[in-house]
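Participant: I'd like to ask some things about the structure below.
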Amino acid sequence: MPTITEGNLTLSFPNEWVALKYDAENGFYKQELDRHFRDLKAVDIVAADPRNRRLILVEIKDFRGYDVENRKRITTGELAEEVGQKTLHTISGLYLGLRTGRADILPLAEYLVPLPDKLELVLFLEEDLFANESRFKRQNRVTNRQNLVTKIKTMFKPLKIQSHIYNRGNIPIRAGWTVI
């Protein structure tokens, strides 16, 4: 089972899937793109589901312990824009990596050409949960998250990229992967 650790979270994918830490230090993005081009961004993980011909881009944000510092990024749309840039830059980078024959990108070739049946973006967003949080604060958090989901889905719908925001408590079984 391919597993990828990002910070304090480990993602596990089914054995038949291809999964790579796209922004790894020794990977194509860091070695070729980030080194030579300023302001390029990358998602954390790219995974391919062969059964459903899905290509999934996963950006992980673990705000546990940093909720207050990051709340403004969520409410102003800054986080949505950052995830948008990372997604578009990663898609471009994947095709460039394939074009140059990079060994770390080649296992994804059949999910890039021909185009995948489904292209998905997942923002995996972990936030602090407070047992004694007031109902108002909890509702405010839910509203902020819903607004973030709406903004991201609106950005990517015209590009035919399905968008989701998950955390450890709400990853659906249909996603096909897990986080510990």
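The values are calculated or read from the model by the stated rules, or taken from the named source; none is laboratory data. Note that the coordinates shown come from a computational prediction; the quantities given were computed from them, not determined experimentally. In this analysis, Cβ positions are derived from the backbone assuming ideal geometry, glycine residues included, and neighbour counts consider all displayed protein chains. Please note that ligands, DNA and RNA were not included when accessible areas were found on the heavy atoms of the full protein model with its side chains. Shrake-Rupley method; radii C 1.70, N 1.55, O 1.52, S 1.80 Å.
Participant: Largest first and in whole Å, give the semi-axes of the stretch 69-173's equivalent ellipsoid, each being the square root of 5 times a Cα gyration tensor eigenvalue.
Facilitator: 32, 14, 13
Participant: What angle do you read, to the nearest 10 degrees and between 0 and 90, between the alpha-carbon axis of helix 78-99 and the longest principal axis of the chain?
Facilitator: Result, in degrees: 10.
Participant: Rounded, prolate or oblate: which one fits the stretch 1-83, using the alpha carbon gyration tensor with axes a ≥ b ≥ c (rounded when a/c is under 1.5, else prolate when a/b beats b/c, else oblate)?
Facilitator: It comes out oblate by the Cα gyration axes.
Participant: I'd like the orientation of helix 135-156 relative to the chain: the angle between its Cα long axis and the longest Cα principal axis, in ° from 0 to 90, rounded to 10.
Facilitator: The angle comes out at about 30 degrees.
Participant: Hey, another quick one. Suppose every K and R has +1 on its Cβ and every D and E has -1 on its Cβ; what is the size of the dipole of the chain about the Cα centre, in Debye to the nearest 20?
Facilitator: Dipole magnitude for the chain comes out near 660 debye.
Participant: Using the per-residue mean of other Cβ atoms lying within 10 Å as a proxy for protection, in what order, highest first, do the peptides 68-75, 48-55 fall?
Facilitator: 48-55, 68-75
Participant: Here's something else I'd like to know. Find how many whole Å separate the alpha carbon centroid of the stretch 132-151 from the alpha carbon centroid of the stretch 31-65.
Facilitator: What the calculation gives is 26 Å, centre to centre.
Participant: Taking only protein heavy atoms and a 1.4 Å probe, what accessible area per residue, in Å², does the chain have with all protein chains in place?
Facilitator: Result: 56 Å² of accessible area for each residue.
Participant: Round to the nearest 10 and report in Å² the accessible area of V83, as given by a 1.4 Å probe over the protein chains' heavy atoms.
Facilitator: The accessible area comes out at roughly 0 Å².
Participant: Given a 1.4 Å probe and every protein chain left where it sits, what share in percent of the accessible area of the chain is carbon and sulfur?
Facilitator: For the chain, the apolar C and S fraction of the accessible surface comes to 52 percent.
Participant: While we're on this one: Using each residue's phi in the stretch 49-64, evaluate 6.51 cos²θ - 1.76 cosθ + 1.60 at θ = phi - 60° and report the 3J(HN,Hα) Karplus result to the nearest Hz, with x for Gly and Pro.
Facilitator: Using θ = phi - 60°, the values come out as 9, x, 5, 10, 6, 10, 10, 10, 9, 10, 10, 9, 10, 10, 8, 4 Hz.
Participant: Hey, another quick one. When DSSP beta bridges are limited to those with both residues in the stretch 1-141, what percentage is antiparallel, rounded to the nearest 5?
Facilitator: 60
Participant: Using every Cα-Cα pair within the stretch 125-166, state what percent have a distance larger than 11 Å.
Facilitator: Within the stretch 125-166, distances greater than 11 Å cover 68 percent of Cα pairs.
Participant: Please compute the contact order of the chain in relative form: average sequence separation of alpha-carbon pairs under 8 Å and at least six residues apart, divided by the residue count, as a percent.
Facilitator: With pairs under 8 Å counted, the relative contact order is 25 percent.
Participant: If you don't mind, another one. Under 12 Å from the 7 Å Cα→Cβ point of N26, by amide nitrogen: which residues of the stretch 84-118?
Facilitator: Answer for the stretch 84-118: 104.
Participant: Something else about it: Using 0.36 nm per residue, how much length does the chain from T154 to R64 gain when fully extended, once their Cα-Cα distance is taken away?
Facilitator: Full extension of this stretch gives 29.8 nm more.
Participant: Please give the peptides 164-171, 129-136 ranked by average Cβ packing (other Cβ atoms within 10 Å per residue), highest first, as a rough proxy for protection.
Facilitator: 164-171, 129-136
Participant: Let me ask something else about it. If Rh is defined by the Kirkwood formula over all Cα pairs and Rg also comes from Cα, what ratio Rg/Rh do you get for the chain?
Facilitator: 0.97
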